[in-house]
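Below: one structure, written as C-alpha cells.
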Amino acid sequence: MSSTTQSPHTSRQRGQTMYERYLRTDDLLALQKPSEERLHPDELTFQIVHQTFELWWKMTLEQLRLAMAELGGGGYGDAVRALRRAVSAQGVVAQAMRQLEFVAPTDFLVIRTGLGDGSGADSPGFRAILRAAPDLWDAFEGALAREKTTLVDLYASPQAHPALYDCAEQLTDFDETFHLFRAAHLKLAQRNLGLQATGTGGTPMEMLVRTLGDLLFPALWEARDQLLAQVQQQQGNAGVPGASGHGNS
Ligand code: HEM
C-alpha cells in the first residue's frame, strides 16, 4: 500500500506507527526495568509513579516560568492561567502518588534495597521548583510595585486590582498544593518506613516532618496575619464583640 493511501493513524516508518514515532513510545516504555530485572513486581509502580512526577513537574516548571514572564510584562490574566495549570498539575501527581499506597511495606523494603543512596530529595523537578519559587515571588512583588500597591492592601481590597489578586490567590494555591504534596509524601514514607527511619539519602524522618513548616511564599501567609490584625483593630475601635483576637475563628 502506498503511503498516500494509508490512514494517518496507521502510517508506518521503520515498523512504527505515527503515534509511536511522535510520542517515542519505544523509548518511553523502555524507561522502566524489564520484569526479569525487577526486585519485586511493584517496582514497576514505584518507577512509573516517580517518573510521572518528573514529567508533570517539568510541565509545572514551564508554567511557573511563563507566569514569571507574564508578571514581568503586566500580563496578569495570562499569569493567572499559567499558575492555574501549575496548581492543577499538582493534583494529577497527588493522585498518582496514591498508587504507592497499594505497595505493602514489606514489598517496599525489597524495592528499597535497589535504590542505593538514591533519594527523592535529588528529584530534578522538585529542586527546580524550589529554585524557581523565589524568582517567581520577585516577579510578583515587581508587579505589586508597578501597580503601586502592597500585598496587605491587595488582600484588604481585592476588587482594586482583581487580576493581581487572582495571581496572589493562585500563588497561594500553588504553595498550598506543594505543602499538601509534602504532607501526603510524609504519610507515605511513614506508612512504609515507620516514624524513626533514616532515608536512603541519609535524611531522618524527623527532617521530613520539619519541612512541613516550609513555605514557598511565606509573605502570602504573613499578609493574612497582618490583615487579621488590621481588621481586629478596626473592629475593636468600632466596639465589635469578639474582635480582641482571642476567639477561635
Ligand atoms: C514508597 C514511597 C516513598 C518513600 C518511602 C519515600 C521516602 C522518602 C524519604 C525517607 C525521604 C527523605 C530523604 C532521604 O531519602 O533520605 C524522601 C524525600 C523525598 N522524596 Fe520520597 N518517598 C517515597 C515516594 C516518593 C515519591 C513518589 C516522590 C515523588 C517524586 C518522592 C519525592 C521525594 C522528595 C521530593 C523528597 C525531598 C523532600 C523534601 O526535602 O521536602 N518520594 N522520601
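Test of understanding: among 121, 89, 82, which residue is in contact (Cβ under 8 Å) with a residue 60 or more places away in the chain and among the small types (Gly, Ala, Ser)?
121
Name the one entry in 187, 148 that is farther than 30 Å from residue 109 by Cβ and basic (Lys, Arg).
148
Consider the range 87-101. How many of its residues are more than 9 Å from the ligand (Cβ to nearest atom) and either of a type in the set (Phe, Trp, Tyr) or crowded, with 18+ Cβ neighbours inside 10 Å (or both)?
Adding up the residues that qualify gives 3.
Just to be sure I understand the filter: pairs with C-beta atoms under 7 Å, separated by 6 or more residues or on different chains, first member in the range 213-231 and within 19 Å of residue 178 (Cα to Cα), second member in a loop (DSSP other than H, G, I, E, B). Which pairs pass?
221/215
How many residues, within the range 35-54, are free of Cβ contacts under 8 Å to residues at least 12 places away in the same chain and either within 13 Å of the ligand (Cβ to nearest atom) or surrounded by 15 or more Cβ atoms within 10 Å (Cβ to Cβ) (or both)?
Of the residues in the range 35-54, 1 are free of Cβ contacts under 8 Å to residues at least 12 places away in the same chain and either within 13 Å of the ligand (Cβ to nearest atom) or surrounded by 15 or more Cβ atoms within 10 Å (Cβ to Cβ) (or both).
All of the numbers you see were taken from the coordinates with simple rules; none came from a lab. It should be emphasised that the depicted structure is a prediction, and the values quoted were computed from it without experimental measurement. Every residue, glycine as well, gets a Cβ built from its backbone with ideal geometry; the counts of neighbours run over all protein chains shown.
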